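Structure, as structure tokens:
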Amino acid sequence: MIGLKGTVNIIDNTGALVVECVNILKNKTTNGHASIGDVFVCVVQKARPISQSSSGPSSSSTLTSLKVKRGDVQRAVLVRTKKPVMRPDGTWVKFDDNAAVLVNKKNEMIGTRIGGVVSSDLKRKGWGKVVALAPKNNRTSYGIERNRKSGIPRGIEKRTTH
């Protein structure tokens, strides 16, 4: 769960690296906290630098691929959280960091690629496009590959049952 003034990593290719949450949209039931699949308004705190050299064809593609800069106000959808989230089958899922993907006012992704793990719970909440753009080996699902000795899932996702 992300509250106001919380910082979140951005895992798409828009150029933003870290954003700060300033408002949670349309979520009155969780007392101002965003969970996986919720949209929030954010300010870009850290972004990739835009190169000033204009020689060569690769530099023009770099300038067009960076769609945001530091200080821009954007919307984002939360794709993973440190706070454990319970799934309908009773398992709890948590991640190593908080991450989001930038979206526009029509809830369409600004970036064209996702570079990291996303929760499969996004599909249930209407963010199937985000899950589809994530690399297949980075999607988390109900059938996680488990370590043979300890039974602990491999990768970033940690699951516990109560």
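The values are calculated or read from the model by the stated rules, or taken from the named source; none is laboratory data. Since we're looking at a predicted model, the values are computed, not measured. For neighbour counting, all protein chains shown are included, and Cβ atoms are generated from backbone atoms with ideal geometry for every residue, glycine included. Remember, those area values only see protein heavy atoms, side chains included, never the ligands or the DNA or RNA. Shrake-Rupley method; radii C 1.70, N 1.55, O 1.52, S 1.80 Å.
If you go through the range 20-41 and keep only what is at pLDDT below 80 and exposed (fewer than 13 other Cβ atoms within 10 Å of the Cβ), you end up with K26, K28, T29, T30, N31. Selection over the range 80-102 of residues that are outside any loop (DSSP other than H, G, I, E, B), β-branched (V, I, T) and either in contact with an Asp or Glu (Cβ under 9 Å, 6 or more places away or on another chain) or at pLDDT 95 or above (or both) gives a count of 3. Of the residues that sit in the range 111-137 and are at pLDDT 90 or above and of a type in the set (K, R), which one is nearest to V101 (Cα to Cα)? Looking at residues that are at pLDDT 90 or above and of a type in the set (K, R), I get R113. For the range 80-107, the candidate set comprises residues that are among the small types (G, A, S) and within 18 Å of L17 (Cα to Cα); within that set, the residue that is surrounded by the fewest Cβ atoms within 10 Å (Cβ to Cβ) is A99. If I filter the range 62-79 down to residues being open to solvent by less than 70 Å² (accessible area, probe 1.4 Å) and outside any strand (DSSP E or B), which single residue comes out as nearest to Q45 (Cα to Cα)? For the range 62-79, the residue satisfying everything is G71.
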